[in-house]
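A short worksheet on the structure shown next.
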Amino acid sequence: QVQLVESGGGLVQPGGSLRLSCAASGSIYNRAMSWYRQAPGTQRELVATITGGSTTIYVDSIKGRFTISRDNAKNTVYLQMNSLKPEDTAVYYCNARPPFNWGQGTQVTVSS
């Protein structure tokens, strides 16, 4: 079973940027990959998807601010997050579609 390791989270001020990475232990070639987030007391929310052909899909709340990308040679998916807002605070996870086992996620906190 492929393992996923998310990294790159942290504490950032509103308007700041972070780049998240998701490293897979096996091939992600031709798999759709997604980033999700879960804020305290809420359900996990799908925020961005990149297909095997690199078509990207975003939820409205992050359009124009976040960019998902992939490097199949490194089995890694990225989420560039710009113009961060306090409401972006959450644990961020990545997964394939259909999914592998979930990783531990990476905490993103946007606060002044």
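Enter the accessible area of I50 (Å², nearest 10), with the probe set to 1.4 Å and all protein chains included.
Roll a 1.4 Å probe over it and I50 shows about 10 Å².
Just the number please: accessible area per residue for region 1-105, 1.4 Å probe, all protein chains included, in Å². Spell out each step's value before the answer.
Details: 5420 Å² over 105 residues.
Result: 52 Å² of accessible area for each residue.
What per residue convex hull volume, in Å³, do the alpha-carbon atoms of the chain yield? Don't jump to the answer; show the numbers that get you there.
Working: hull volume 9.9 nm³, N = 112.
Value for the chain: 89 Å³ per residue.
Determine the shape class of region 1-67: with a ≥ b ≥ c the square roots of the Cα gyration tensor eigenvalues, call it rounded for a/c under 1.5, and otherwise prolate if a/b is greater than b/c, oblate otherwise.
Details: a/c = 1.66, a/b = 1.37, b/c = 1.21.
Prolate shape, in that a/c is at least 1.5 and a/b is the bigger ratio.
For N72 and R44 in one chain, what is 0.36 nm times their gap in residues minus the Cα-Cα distance, to one decimal in nm?
Details: separation 28, 0.36 × 28 = 10.08 nm, distance 2.53 nm.
Additional length available on full extension: 7.5 nm.
Assuming 0.36 nm per residue, please report the length gained on full extension of the stretch Q104 to T51 beyond their Cα-Cα distance. Write out the running numbers ahead of the final one.
Details: separation 53, 0.36 × 53 = 19.08 nm, distance 2.26 nm.
Additional length available on full extension: 16.8 nm.
Can you list the HN-Hα couplings for region 41-50, worked out from phi with the Karplus curve (6.51, -1.76, 1.60; θ = phi - 60°), rounded to whole Hz and with x for Gly and Pro?
After applying 6.51 cos²θ - 1.76 cosθ + 1.60, I find x, 10, 7, 4, 10, 6, 10, 7, 9, 10 Hz.
Take every DSSP beta bridge whose two residues both sit in the chain, then give the antiparallel share in percent to the nearest 5. Spell out each step's value before the answer.
Numbers: 34 of 37 bridges.
Antiparallel bridges make up about 90 percent of those DSSP assigns within the chain.
Can you list the residues, at least 5 places off or on another chain, whose amide H is less than 5 Å from the amide H of V47, using H built in the peptide plane?
Residues meeting the criterion, in which the H sits 1.01 Å from N, are W35, Y36, R37.
When only Cα pairs under 8 Å and 6 or more residues apart are kept, what is the percent relative contact order across the chain?
Numbers: 277 pairs, mean separation 43.1, N = 112.
The normalised contact order for the chain reaches 39 percent.
How about region 11-50: which trypsin sites (Lys or Arg not before Pro) there are in a DSSP loop, with at most 16 other Cβ atoms within 10 Å of their Cβ? Let's see the in-between values first.
Numbers: sites: R19, R31, R37, R44; in loops: R31, R44.
Listed in order of number, the matching sites are R44.
Ordering D71, D88, D60 by how much accessible area each has at a 1.4 Å probe, largest first, what is the list?
D60, D71, D88
The values are calculated or read from the model by the stated rules, or taken from the named source; none is laboratory data. Keep in mind that what you see is a predicted model, and the values were worked out from it rather than measured. Heads up, the Cβs are rebuilt from the backbone with ideal geometry, glycines too, and the neighbour counts pull from every protein chain shown. Heads up: the accessible areas ignore ligands, DNA and RNA and are worked out on the full protein's heavy atoms, side chains in. Shrake-Rupley method; radii C 1.70, N 1.55, O 1.52, S 1.80 Å.
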